[in-house]
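J.: Take this structure, written in structure tokens, and hold onto it; I'll ask about it next.
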Amino acid sequence: MKAALAILGGLGLIVIAACGLSEPDNKASSATTNAAAAPTAADADRFVAEVNAFRLDNAARLAAAYWVAQTYISEDAQLLAAQATEEQLAYESAKAEEAKRFNNTQGLSPQTTRALTLIKLGPTMPAPSDPAQREELAKLAAKMEANYGSGQWCRPNADGQEECLKLQAIEKIIDNVEFKNTPADIEAAWNAWHLTSRPIRQDYQRFAELMNQGARELGFKDTGELWRGGYDMAPDAFDLEVERLWGQVKPLYELLHCTVRDKLNQKYGDDVVPENGLIPAHLLGNMWAQQWSNLYALVEPYPGQSDLDVSSALRVQRDNEYTKLRAAFKGRPGPVDLAELERKADAAQAQNMTRIAEDFYVSLGFPKLPDSFWKNSLLVQPRDRDVVCHASAWDMNLKGDVRIKQCIEPTEEQLTTIHHELGHIYYYLSYNSLPPIFQSGAHDGFHEAIGDTITLSLTPDHLKKIGLVSNVQVNDKATINTQMKLALDKIVFLPWGKLVDQWRWKVFSGAITPEQYNAGWWALREQYQGVSPPNTRSEADFDPGAKYHIPGNTPYTRYFLSFILQFQFQKALCDASGFKGPLHECDTYGNAEAGKRFIEMLRLGASQPWPDTLEKLTGTRSMDASAITEYFAPLIAHLKQQNEGRSCGWSAATAP
């Protein structure tokens, strides 16, 4: 799952215009305000205008520091990013405090009231007012980010020479797409990457302490309460809302867990995968066991019904590009020439895949991407330096300088990710006309859901039209196959999407102490995902830090919400398009009415509470997972039948 970038920054450090909030405790501030001259509505308007001006005037400068820190990892880049972060934190925290002056001001316009509410939440990295502590927080953030981006596994290769693998190469061992790697090989790769996060364990403890201090200065109990305050409801009410949504989708996840565990048990035996209970996390085809689509060949319900191997088609396209470049080369290429031809083929295919995604958005009425996007984006991993390959979308200046950073490879997962990242890009472009304070999603889950909604239209028929699959059959068995593959991505993600912030909220509140960081992490993974670590873990480990969003300080519940919302959005778009068939067959490509409705919603940004924005597209004011059960109705019936007689479910340790 990929990160949405903050409004001004590429480090995922600060979400400046986080949306819809509950009010912090402002009693002390109100008392101070009453002792001074009461500010007027005009004063409030000027204050909001000043904040908007600062963001617009400084966006490009600050974002450039973050961009360099992720695309040219070095101590110098860390310093620039830390200084930019410190400056931004100081400004945003000060303005969040200053906005409390207007708590009792009468006659405020709705727009100013909304802007003040957003400003008072502050950044997602709340900073202490003490300059030394704020500097410390910024340096810790840059250090942890750089540690993640530079992580590697060095080991002897077949020739006895040391080779160092970056995350993408390590992931290929764990993905195990062809099922050639042994459980021991996969466990070694899993261990290697998780060792890279050990050095930041103490850093994260101090990082959380400093953020909590900043959150308390803003009037919140802790950073978790501040984060949960950004949803136009009280933090406690938001907790209940997330639990309600999880309750709607949990039964489908449990059906998938039961089926996958059975297939893995058959493949590896009881000694590796128990017939009942928890699944070893490293064997699920993903470094974090967050999505299991790489297991599709193992669990495919009806082999041979449809050709769903998009990755093979993309690799063929890339290889054809290389063949053309090689044929056009004059003379006999040397090793350096061949390496350069490989790089050019990779770059050409990365751009081709990005244009496939762009074409879908353009078909709905969105504009073509600006020339600056193609000039400034990082689409392939450089050969000469470390970069943070974790995919992300950037709005550099709040005025249209948009770009993505992604080390694209010719796989279906990467193609899906490009569609996801362009969802952020088109959201940025859609609300660029709004004041900077409102240049954000209706809530952060909206931002993550836009591109994923588009991917729901990448049906087998659509993939055939664009030449990425050939053998598309239309029958009940083919439908079950397609839905199984998608569910291994979309449904399997949901418990992971929920638990990452469950862990952080408990860390912030003190329910999980530093002495329990790793034990608390695995207790939650057992509880929600039904998975176990591949070997005994200890408090010397810091397994949460092996996931980008922990050192990157990106709130994660947004992704859980987005996986709910994308089906809700898709149903609304399909209804608007006039589609009458089963929801899982709907493809909105080229439908002007669906595009019009989508664009109208995106243009609203964070200018109003999210229920108002949701209602504009869907006609409802509540997030709801019923579209998921409608979409996957054929698969649900199939899994219930397949799991008859099996002992499903698992027992988990009690979370702190």
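J.: State all residues of region 310-326 that are open to solvent by 70 Å² or more (accessible area, probe 1.4 Å) and under 29 Å from the mean Cα position of the chain (by Cα); if no residue qualifies, say none.
T.: Answer for region 310-326, where residues must be open to solvent by 70 Å² or more (accessible area, probe 1.4 Å) and under 29 Å from the mean Cα position of the chain (by Cα): ARG315, VAL316.
J.: Quick check: is even one residue across region 273-288 under 25 Å from LEU116 (Cβ atoms) and surrounded by 21 or more Cβ atoms within 10 Å (Cβ to Cβ)?
T.: No - not one qualifying residue is present in region 273-288.
J.: Could you tell me whether any residue of region 422-432 is assigned to a loop (DSSP other than H, G, I, E, B), under 18 Å from the mean Cα position of the chain (by Cα) and more than 12 Å from ALA357 (Cβ to Cβ)?
T.: no
J.: Looking at (1) in a loop (DSSP other than H, G, I, E, B); (2) touching a strand residue (DSSP E or B) at 6+ places or on another chain (Cβ under 9 Å), which is the one condition that is false for SER470?
T.: Failed condition: (2).
J.: Something else: Which count do you get for residues in region 567-583 that are of a type in the set (Phe, Trp, Tyr) and open to solvent by 40 Å² or more (accessible area, probe 1.4 Å)?
T.: Residues in region 567-583 being of a type in the set (Phe, Trp, Tyr) and open to solvent by 40 Å² or more (accessible area, probe 1.4 Å): 1 in total.
J.: So, of the residues in region 436-463 that are more than 17 Å from PRO611 (Cα to Cα), out of contact with any Gly (no Cβ under 7 Å at 6 or more places or on another chain) and hydrophobic (A, V, I, L, M, F, W, C), which turns out to be most open to solvent (accessible area, probe 1.4 Å)?
T.: Ranking the qualifying residues of region 436-463, first place goes to LEU458.
J.: Among residues belonging to region 142-169 that are in contact with a Pro (Cβ under 8 Å, 6 or more places away or on another chain) and within 16 Å of THR85 (Cβ to Cβ), point out the one that is most open to solvent (accessible area, probe 1.4 Å).
T.: Filtering first and then ranking leaves ASN147.
J.: Still on this structure, please answer the following. Condition (residue is hydroxyl-bearing (Ser, Thr, Tyr), farther than 22 Å from ASN176 by Cα and free of Cβ contacts under 8 Å to residues at least 40 places away in the same chain) applied to region 318-335: is it met by at least one residue?
T.: Yes, the conditions are met somewhere in region 318-335.
Condition check ((1) closer than 27 Å to GLN213 by Cβ; (2) touching a residue at least 60 places away in the same chain (Cβ under 8 Å); (3) not hydrophobic (A, V, I, L, M, F, W, C)) across all residues:
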residue	(1), (2), (3)
ALA63	yes, yes, no
VAL68	no, no, no
TYR72	no, yes, yes
ALA81	yes, yes, no
GLU86	yes, no, yes
TYR91	yes, no, yes
LYS95	yes, no, yes
ARG101	yes, yes, yes
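J.: Tell me, which residue of region 388-404 that is closer than 18 Å to THR417 by Cα and open to solvent by less than 10 Å² (accessible area, probe 1.4 Å) is modelled with the lowest pLDDT?
T.: For region 388-404, the residue satisfying everything is VAL388.
J.: While we're here: Does region 524-535 contain any residue that is among the hydrophobic types (A, V, I, L, M, F, W, C), touching a residue at least 24 places away in the same chain (Cβ under 8 Å) and under 18 Å from LEU278 (Cα atoms)?
T.: yes
Rundown of residues vs (1) in a helix (DSSP H, G or I); (2) over 24 Å from ASN432 (Cα atoms); (3) out of contact with any Asp or Glu (no Cβ under 7 Å at 6 or more places or on another chain), yes/no style:
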site: ASN553; (1), (2), (3): no, yes, yes
site: SER562; (1), (2), (3): yes, no, no
site: GLN568; (1), (2), (3): yes, yes, no
site: ALA576; (1), (2), (3): yes, yes, no
site: LYS580; (1), (2), (3): no, yes, yes
site: GLU593; (1), (2), (3): yes, no, yes
site: LYS596; (1), (2), (3): yes, no, yes
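J.: Ok, one more. Pairs only if they're at least six apart or on different chains, beta carbon under 7 angstrom, first in region 161-188 and more than 19 Å from GLN406 (Cβ to Cβ) and without any contact (Cβ under 8 Å) to a residue 12 or more places away in the chain, second in a loop (DSSP other than H, G, I, E, B) and open to solvent by 40 Å² or more (accessible area, probe 1.4 Å); list them, first residue then second.
T.: Every condition considered, the pairs that remain are GLU163/ASN157.
J.: Further question on the same structure: Sort out which residues of region 254-296 are part of a helix (DSSP H, G or I) and free of Cβ contacts under 8 Å to residues at least 12 places away in the same chain, and write them in order of number.
T.: Within region 254-296, ASN265, GLN266 meet the criteria.
J.: Can you find even one residue in region 524-538 that is open to solvent by 50 Å² or more (accessible area, probe 1.4 Å), part of a helix (DSSP H, G or I) and at negative phi?
T.: Yes, region 524-538 contains a residue that is open to solvent by 50 Å² or more (accessible area, probe 1.4 Å), part of a helix (DSSP H, G or I) and at negative phi.
J.: Would you pick out the residues in region 69-92 that are of a type in the set (Ser, Thr, Tyr) and either open to solvent by 20 Å² or more (accessible area, probe 1.4 Å) or in contact with a strand residue (DSSP E or B) (Cβ under 8 Å, 6 or more places away or on another chain) (or both)?
T.: Matches in region 69-92: THR71, TYR72, SER74, TYR91.
J.: Tell me which of these PRO199 doesn't satisfy, since it passes every other one: (1) open to solvent by 30 Å² or more (accessible area, probe 1.4 Å); (2) modelled with pLDDT under 95.
T.: Only one criterion in (1) open to solvent by 30 Å² or more (accessible area, probe 1.4 Å); (2) modelled with pLDDT under 95 is unmet by PRO199, namely (2).
J.: Within region 233-245, identify whether any single residue is open to solvent by less than 20 Å² (accessible area, probe 1.4 Å), in contact (Cβ under 8 Å) with a residue 12 or more places away in the chain and over 22 Å from GLN529 (Cα atoms), and answer yes or no.
T.: Scanning region 233-245, I find at least one residue that is open to solvent by less than 20 Å² (accessible area, probe 1.4 Å), in contact (Cβ under 8 Å) with a residue 12 or more places away in the chain and over 22 Å from GLN529 (Cα atoms), so the answer is yes.
J.: Now for a different question. Only one residue in GLN351, GLN266 is within 30 Å of GLU593 (Cα to Cα), out of contact with any Pro (no Cβ under 8 Å at 6 or more places or on another chain) and open to solvent by 50 Å² or more (accessible area, probe 1.4 Å). Which one?
T.: That would be GLN351, the only listed residue that is within 30 Å of GLU593 (Cα to Cα), out of contact with any Pro (no Cβ under 8 Å at 6 or more places or on another chain) and open to solvent by 50 Å² or more (accessible area, probe 1.4 Å).
Per-residue answers, yes or no, for (1) assigned to a loop (DSSP other than H, G, I, E, B); (2) aromatic (Phe, Trp, Tyr); (3) closer than 17 Å to ASP444 by Cα; (4) open to solvent by less than 40 Å² (accessible area, probe 1.4 Å):
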site	(1), (2), (3), (4)
PRO611	no, no, yes, yes
THR620	yes, no, no, no
ASP624	yes, no, yes, no
ALA627	no, no, no, yes
GLN641	no, no, no, no
SER647	yes, no, no, no
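J.: A further question on this structure: Could you list, in sequence order, all residues of region 367-386 that are surrounded by fewer than 18 Cβ atoms within 10 Å (Cβ to Cβ) and assigned to a loop (DSSP other than H, G, I, E, B)?
T.: PRO367, LYS368, PRO370, PRO382, ARG383, ASP384, ARG385
The values are calculated or read from the model by the stated rules, or taken from the named source; none is laboratory data. In this text, all values refer to a predicted model and were calculated from it rather than measured experimentally. Counting neighbours? That spans all protein chains shown, and the Cβs are built from the backbone with ideal geometry, glycine included. Accessible surface is based on the protein model in full, side chains and every heavy atom, while ligands, DNA and RNA are left aside. Shrake-Rupley method; radii C 1.70, N 1.55, O 1.52, S 1.80 Å.
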